[in-house]
Amino acid sequence: MRRDFDMADRVLPTIPKEQRTRVAHFLEKQGFKSQALAVSCDPEHRFELSLQLGELKTAYQLAVEAESEQKWKQLAELATARCQFDLAQECLQRAQDYGGLLLLATASGNADTVQMLAEGAERDGCNNVAFLAHFLQGNLEKCLEVLISTDRLPEAAFLARTYLPSQVSRVVQLWRDSLVKSNSKTAESLADPTAYENLFPGLREAFKAEAFLKQTATLRPASDYPLVTPNEERNILEEVENSKPASPTQEATESSKPEEPTTNQFPEITFMADKTLEELEEDLDNLEIDENIDTSDVNLDEDFE
């Protein structure tokens, strides 16, 4: 190859279109991928070349014309690598790649996309992604409904027992109804926690905790993560108790307590500055001692008691 591209541009119009793709493959093998992209007439070949060259606009146009799920996924991968996240999101949506969308939305902290993804995945039957998207947003009621609608009643019962104790009775009844058809004894053995509180200690406290969390739960931005106390370090029951208003008796007791002094009750002690050696010698020289003092009873050898 003489690399005479000016001559090649003049010769190219004389080459039949059905032969240009062969010329493009030849140029690609020689390492001239940009020239091959300009010469090739095969959409598949041009799409592969545009991906290799990072030509996002050309690849996008070819993907729109082809409407291929595989092409959208390939373009989404390239757009993500080039930090073109808006384009990556559009490609993943066109490809209906809900797993990729969930990864992109959670990595970028985009709550609106997570919400849209949850609705779209549930509508298209991608229940795993729908459940996870709802769970990430704290929509526990919708998580429960996803499990119920897909006949995952045992999982729904455990979810309700853990996060939504007020829904346990309803889910247990649905579970019983589904088991009656196949195994009536097993259905009868399922205990409703509200009817057998002795088998489920702490159930009433769980109701209070659920109501407390519903009142205090807020959707916070991802940037607040360092400020949020991890769940494993929280004690919800203590938070419930601390959130209760003080009773009149407690308020009266608190008001009757004497107020602690806010100022220091002890007098401030000030120290004189240390005197210099010359000043001390001068004081000793000027010291007057009374020679008439009786010191006959003083014994310097005795110890102090």
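Values computed for the structure shown
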{"item": "Where a residue in region 126-145 is in a loop (DSSP other than H, G, I, E, B) and its partner, wherever it lies, is polar (S, T, N, Q), with Cβ under 8 Å and at least six apart", "result": "Gln137/Gln115"}
{"item": "Region 192-205: number of residues that are exposed (fewer than 15 other Cβ atoms within 10 Å of the Cβ), of a type in the set (A, V, I, L, M) and assigned to a helix (DSSP H, G or I)", "result": "1"}
{"item": "Scope region 46-75; condition within 24 Å of Phe32 (Cβ to Cβ) and without any contact (Cβ under 8 Å) to a residue 12 or more places away in the chain; matching residues", "result": "Glu48, Lys57, Gln61"}
{"item": "Residue check for Arg234: modelled with pLDDT under 90 and surrounded by 10 or more Cβ atoms within 10 Å (Cβ to Cβ)", "result": "yes"}
{"item": "Helices (runs of 4 or more DSSP H) fully within region 1-83 counting 3 or more residues that are modelled with pLDDT under 90", "result": "5-11, 17-29, 33-39"}
{"item": "Any chance Ala130 is touching a Pro at 6+ places or on another chain (Cβ under 7 Å) and either small (Gly, Ala, Ser) or within 30 Å of Arg94 (Cα to Cα) (or both)", "result": "no"}
{"item": "Pairs where the first residue, in region 214-228, is closer than 20 Å to Val240 by Cβ and the second is among the basic types (Lys, Arg), C-beta under 8 Å, 6+ apart", "result": "Val228/Arg220"}
{"item": "Residues that are modelled with pLDDT under 80 and surrounded by 11 or more Cβ atoms within 10 Å (Cβ to Cβ), drawn from region 206-231", "result": "Arg220, Ala222"}
{"item": "Test: residue in region 100-113 that is surrounded by fewer than 19 Cβ atoms within 10 Å (Cβ to Cβ), part of a helix (DSSP H, G or I) and in contact (Cβ under 8 Å) with a residue 60 or more places away in the chain", "result": "yes"}
{"item": "Leading residue by the ranking (farthest from Lys214 (Cα to Cα)) among those in region 161-186 that are touching a Ser or Thr at 6+ places or on another chain (Cβ under 8 Å) and surrounded by 15 or more Cβ atoms within 10 Å (Cβ to Cβ)", "result": "Leu179"}
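The values are calculated or read from the model by the stated rules, or taken from the named source; none is laboratory data. Quick caveat: nothing in here was measured; it's all calculated off a predicted structure. All Cβ positions, even for glycine, are placed from backbone atoms using ideal geometry, and neighbour counts span all protein chains on display.
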